[in-house]
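Working notes, structure below.
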Amino acid sequence: MLALPSERAIALIDGNNFYVSCERVFNPKLITQPLVILSNNDGCIVSRSQEARDLGIPMGLPFFKAKHFVNSHGLQWLSSNYTLYGDMSARMMHVLAEFSPDQEIYSIDECFLDLSHMMSNQALVSYGKTIKERIYQYLGLPTCVGIGPSKTLAKLANHIAKKNPQFGGVFAWSALTPDEQWYWLQRIAVGEVWGVGRRINTSLEQMGIKSVADLAQANPEMIRRRFSVVMARTVAELQGISCLAMSDIEDTPPKQQIISSKSFGQEVTDLQHLQEAIASYICRAAEKLRAQDSVCQYVTVFVRTNPFAQNQTQYRNQITIPLSIASSDSRRLIKAAFFGLERIYQPGLRYKKAGVILSDLYPAAQQQEDLFTKIDQKKSAQVMQTMDDLNHLYGAHTVTLASTGATIGNVRNWRMRANHKSQRFTTRWDEIPLVRA
């Protein structure tokens, strides 16, 4: 039987049903109602309240398949409001930073706090409850707290806290006896372990490793040979040895291809609005390109009509434009994209979707000059950097290119559909909630 060490104490604080909870803070009528939040274009369900889960609505379900619950069970639904969720997340992380000098933000609704050497193991559960209560008092957001000697065990502790109400939303491995620890490790399926995806889970089960306890007892060298060094470290983490850095989970190599594509809120027929959509997608893709400090050599543009509208003429096409000099300058990429779009555009059709692909990516430091093209690369980089800095500081689309038709696009609804979006209560003066007394 494995007895977990207690020298370190790492807490994972996770917002419960975060998007749903943010909406309920500003609309208390939604509390106790079955509520789902939809993805871009109001397509799929990306967040559910517990009441919606109890109806059997799974994550990722296309909303039209759950729409019958609107009449039968009063299901409420909202479009995603990422401005609100991002701001509420920043406020939650700010409050959590008061509880430990060592904070690692993992996602929009999760963060790790290192509580080692701050208090005795006996006081950890009480401290976790204080964290949970403070977040709810300041922001109205429900959370769960899991505490363990490693990040992987902290994630599992948080999972137990969420699924088992008897713990009051706070679970610490150090508060259990070795027998109790072993009981919980045996009860949890190996697929719940941080970093074990569907493919690895299938392979582990084929090896007879079905529970967390099974994986914790596995031979790390065998796991390393069969999977990876990261999985071998996961085994050590399950044994209570903290060795998994955040970068081991988060870091991914630079993308080899960047795609930006969306279906339109309404079908588009004219070239001007197609150009606005393409320019908008290029700006988004180019921002990602610059974020990984790369340039691209090719720009691909594609368009298509609605394949489900059988009574309409069907058409889909794409074209790839090579650049004379690889670039990450949005203006150059838009110019190339427009050149291609004009060649595949067919008038009189009703377009439902368009997109761009940036390919042949490589580091900007390896960018080569062209003797026959007069482009001031330094000035180009400075302009793009300034745009990115302003948008990062003051919010997306604070500065953008006129060719995106930012305002016109919203008016004409070629942008993604978000018909049930709540207000930006915390970031717009003209959308602050009004209180009448």
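Here G148 clears all of (1) out of contact with any Phe, Trp or Tyr (no Cβ under 7 Å at 6 or more places or on another chain); (2) in contact (Cβ under 8 Å) with a residue 60 or more places away in the chain; (3) among the small types (G, A, S) except the condition numbered (1). Taking the criterion of being hydrophobic (A, V, I, L, M, F, W, C) and under 27 Å from the mean Cα position of the chain (by Cα), the only residue of the stretch 116-133 that qualifies is I131. Here is a check on your reading of the model: is V399 more than 27 Å from R350 (Cα to Cα), in a loop (DSSP other than H, G, I, E, B) and at pLDDT 85 or above? Yes; evaluated as a whole, the condition is true for this residue. Just so you know, in the stretch 309-329 the residues that are more than 19 Å from L341 (Cβ to Cβ) and open to solvent by 60 Å² or more (accessible area, probe 1.4 Å) include one that is modelled with the highest pLDDT, and it is N311. On the stretch given as the stretch 288-308, residues that are open to solvent by 10 Å² or more (accessible area, probe 1.4 Å) and among the aliphatic types (A, V, I, L, M) total 1. So, G340, is that one within 30 Å of I108 (Cα to Cα), buried (at least 17 other Cβ atoms within 10 Å of the Cβ) and out of contact with any Cys (no Cβ under 7 Å at 6 or more places or on another chain) or not? Considered against the rule, which asks whether it is within 30 Å of I108 (Cα to Cα), buried (at least 17 other Cβ atoms within 10 Å of the Cβ) and out of contact with any Cys (no Cβ under 7 Å at 6 or more places or on another chain), G340 comes out as no. Being open to solvent by 50 Å² or more (accessible area, probe 1.4 Å), within 18 Å of R198 (Cα to Cα) and either free of Cβ contacts under 8 Å to residues at least 24 places away in the same chain or not in a helix (DSSP H, G or I) (or both) is the filter here; which residues of the stretch 209-223 pass it? Hit for the stretch 209-223 is K210, nothing else. Looking only at the stretch 99-108, count how many residues are open to solvent by less than 30 Å² (accessible area, probe 1.4 Å), in a loop (DSSP other than H, G, I, E, B) and touching a helix residue (DSSP H, G or I) at 6+ places or on another chain (Cβ under 8 Å). Residues in the stretch 99-108 being open to solvent by less than 30 Å² (accessible area, probe 1.4 Å), in a loop (DSSP other than H, G, I, E, B) and touching a helix residue (DSSP H, G or I) at 6+ places or on another chain (Cβ under 8 Å): 0 in total.
The values are calculated or read from the model by the stated rules, or taken from the named source; none is laboratory data. Just so you know, these numbers come straight off a predicted model, no measurement behind them. Reconstructed Cβ throughout: ideal geometry from the backbone, glycine too, with neighbour counts over all protein chains shown. Note: accessible area is taken over every heavy atom of the protein model, side chains too, but ligands, DNA and RNA are not part of it. Shrake-Rupley method; radii C 1.70, N 1.55, O 1.52, S 1.80 Å.
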